[in-house]
Amino acid sequence: QRAAATVDKYALYVPKSGVFPKGFKVASTATGVKKNGNLDLGIILNTNKSRPSSAAAVFTTNKFKAAPVVLSKSVLDKTDGEGVDAIIVNSGCANSVTGEVGLKDAQTIVGEVNDFLGKGDATLTMSTGVIGQRLQMDKISKGIKQMFQKDSFGSDFDSWLGLAKSINTTDTFPKLVTSKFSLPNGTEYTLTGIAKGAGMICPNMA
Amino acid sequence: TLLGFIVTDLPIKSTALQSMLRSSVDRSFNCISVDGDMSTNDTICMIANGAVNTSVIDESSPEYAQVKSQVTEFAQQLAQLVVRDGEGATKFVTVNVKNALNFKDAKVIAEAISNSMLVKTALYGQDANWGRILCAIGYAKLGDLASLDPTKINVSFVATDDSEPRELKLIVNGTPQLDVDEARASEILSLPDLEVLVNLGTGKEECQFWTCDLSHEYVTINGDYRS
């Protein structure tokens, strides 16, 4: 086909370095949920204790909301977005249309992270991958435990890139953007963003 | 599925963070399409941890508008990367709807063009099939019918490199340009980045939507995703 151009998207769109916001640490691991052995579980932690964090989110307006969507929304509703210090994301299995057991699985994951943080209602969760299958909880729980017990968390570029890779599914490159900005009073601040998605993409989140 | 998160070291009040995120997403992640399908899991989160030593930003703070604008621009960068990585995509397409009666209808029209499989396959094949674009505009589910006046509409392809003429007019004030320069159209459509410009001429609002072409590879990827 004339239009089929070969472009190395990874080389074009993946940064080789970056600046990252103060007070965040991230980790990722391959739990074996992805059949190819790639990274499939990531956690982002707020380590800043100078004041409570704020969190916000928008979610799919699809009537069949996956368990992690239902759970994360309930955490934000309960806390008014205050004191959320972690996000855990798994890829390979979307934990969607899994009913009550799916919700319990999501609660277990969030509970395990909260236990390590030493506080409740402090974790949001996201999942992506195949719809209609249960999470392999043994693998995911083991991955969470290992990341905390081995203190796999870092704030360097490779740690952030690993996190970006861990949430990919059919993506051909990790999507990581980071920038520094200045307020009018001269205060510098940083935004870092990670996204994933390549198919089933026409979101209408609210 | 679309997943994403944005983190910052600014201190932002949670209510302000929520309104900031919602506004930013409405102009970024909610303005992209790869295949027109909405996931059960789409989520964008934002955490502001306040590690930077400055006053807490709320909706009445003078910095609020600036930060919201920066978050919006930042979210657009991330959202565009998702489109660039669309399954099987060979082209990144900006659909720019200008001079609309209201933002909502500008978005409805941009989304209709962006989700049209026939527009997307034509772009993949580098076929300047403006009829399909006009067709998509015509069936867009407008909130206000006055948003679309067939005698005022202009549709163009816009070159995304430095070549001239930059704009190739396909429809001028509702009149199709039947002697379109096909050679120039082919040049523009061979670029990896494309822009479709729709000037509705019925107001002053505008919306940008980002999409990609649809190729054989999309079917290959999705024919056996689960198994």
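Here, each number is a calculation from the coordinates, and none is a lab measurement. Treat the numbers as computed from the prediction; the structure is a model and nothing was measured. In this analysis, Cβ positions are derived from the backbone assuming ideal geometry, glycine residues included, and neighbour counts consider all displayed protein chains.
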Report summary line: In degrees rounded to 10, the 0-90 angle between helix B:14-26 Cα long axis and the longest Cα principal axis of chain B is 10
**Report entry** Signed unit charges on C-beta, dipole axis of the protein assembly as shown, positive-most listed residue B:Ile137, B:Ile171, B:Thr54
**Finding:** B:Thr54
Query raised in the report: Under the Karplus relation 6.51 cos²θ - 1.76 cosθ + 1.60, θ = phi - 60°, what is the ordered set of whole-Hz ³J(HN,Hα) values for the stretch A:38-47, x standing for Gly and Pro?
Result: 6, 3, 9, 9, x, 9, 10, 10, 8, 10
Query raised in the report: Where does each of B:201-214, A:95-108 land if you order them by average Cβ count within 10 Å, highest first?
Result: B:201-214, A:95-108
**Report entry** Loop chymotrypsin sites (Phe, Trp or Tyr not before Pro), the stretch B:86-144 (other Cβ atoms within 10 Å of the site Cβ: 10 or fewer; DSSP)
**Finding:** none
Query raised in the report: Does chain A classify as rounded, prolate or oblate by the C-alpha gyration tensor (a ≥ b ≥ c root eigenvalues; a/c under 1.5 gives rounded; else a/b over b/c gives prolate, otherwise oblate)?
Result: rounded
Query - Theoretical FRET efficiency, 1/(1+(r/R0)^6), r = Cβ-Cβ of B:Ala183 and B:Thr15, R0 51 Å, to 0.05 - result: 0.40
Query raised in the report: Tell me, what HN-Hα J-couplings in whole Hz come from the Karplus equation 6.51 cos²θ - 1.76 cosθ + 1.60 at θ = phi - 60° for each residue of the stretch A:94-105, using x for Gly and Pro?
Result: 7, 6, 10, 6, 10, x, 4, 5, x, 5, 5, 4
Query raised in the report: Quick one: putting +1 on the C-beta of Lys and Arg, -1 on the C-beta of Asp and Glu, what dipole do you get for the stretch A:26-126 around its Cα centre, in Debye to the nearest 20?
Result: 220
**Report entry** Above-threshold pairs, the threshold being 23 Å between Cα atoms, out of B:Lys141/B:Lys169; A:Lys175/B:Lys107; A:Lys35/A:Lys145; A:Lys49/A:Lys175
**Finding:** B:Lys141/B:Lys169; A:Lys175/B:Lys107; A:Lys49/A:Lys175
Report task. Please give the helix B:130-139 orientation as an angle from the longest Cα principal axis of chain B, in degrees from 0 to 90, rounded to the nearest 10. Result -> 60
Report task. Count the DSSP beta bridges whose two residues both fall in the protein assembly as shown, then state the antiparallel fraction as a percent rounded to the nearest 5. Result -> 70
Report task. For the stretch A:50-62, take each phi angle, set θ = phi - 60°, evaluate the Karplus expression 6.51 cos²θ - 1.76 cosθ + 1.60, and give the result in whole Hz per residue in order, putting x for glycine and proline. Result -> 5, 7, x, 7, 10, 9, 8, 7, 10, 10, 3, 9, 4
Requested in this report: Sequence neighbours fewer than 8 away in the same chain don't count; with that in mind, list the aspartates and glutamates whose C-alpha is under 20 Å from A:Lys165.
Outcome: A:Asp8, A:Asp40, A:Asp151, A:Asp156, B:Asp42, B:Asp85, B:Glu87
Report task. Work out the mean other chain Cβ neighbour count within 10 Å for the residues of B:81-93 and drop it here as an integer. Result -> 6
Query raised in the report: From the residues B:Ser186, A:Thr125, A:Cys202, which one has its Cα farthest along the dipole of the protein assembly as shown in the positive direction, the dipole being from +1 and -1 charges on Cβ of Lys/Arg and Asp/Glu about the Cα centre?
Result: A:Thr125
Report summary line: Scaled by the rule-of-thumb 2.2 N^0.38 Å, the alpha carbon Rg for the stretch B:70-227 gives a ratio of 1.04
Query raised in the report: What size of dipole, in debye to the nearest 20, comes out for the stretch B:102-227 about its Cα centre when the only charges are +1 on Lys and Arg C-beta atoms and -1 on Asp and Glu C-beta atoms?
Result: 560
Query raised in the report: Looking only at the stretch B:128-159, which residues have a backbone nitrogen under 18 Å from a spot 7 Å from the Cα of A:Leu12 in the C-beta direction?
Result: B:158-159
Requested in this report: Go ahead and run the numbers for FRET between B:Gln66 and A:Val70, Cβ-Cβ distance against an R0 of 45 Å, rounding to 0.05.
Outcome: 0.85
Report task. At 0.36 nm per residue, minus the direct Cα-Cα distance, what do B:Ser23 and B:Asp37 gain on full extension? Give it in nm, one decimal, please. Result -> 2.9 nm
Query raised in the report: Which FRET efficiency value, to the nearest 0.05, do you get for B:Glu164 and A:Arg51 by plugging their Cβ-Cβ distance into 1/(1 + (r/R0)^6) with R0 = 45 Å?
Result: 0.25
Report summary line: Filtered hits (lysines, Cα-Cα < 17 Å from A:Lys63, offset >= 8 within chain) -> A:Lys73
**Report entry** For a label point 7 Å along the Cα-to-beta-carbon line of A:Lys142, residues of the stretch A:34-62 with backbone N under 18 Å
**Finding:** A:34-42
Report task. Quick one: grab the alpha carbon gyration tensor of the stretch A:1-116, order the square roots of its eigenvalues as a ≥ b ≥ c, and give me rounded if a/c is under 1.5, else prolate or oblate depending on whether a/b is larger than b/c. Result -> oblate
**Report entry** Residues of type aspartates and glutamates that B:Lys68 reaches as a straight line, Cα spacing below 17 Å, ignoring anything fewer than 8 places off in the same chain
**Finding:** A:Glu188, B:Asp9, B:Asp26, B:Asp58, B:Glu59
**Report entry** Averaged over B:53-60, number of beta-carbon atoms from partner chains that fall within 10 Å
**Finding:** 2
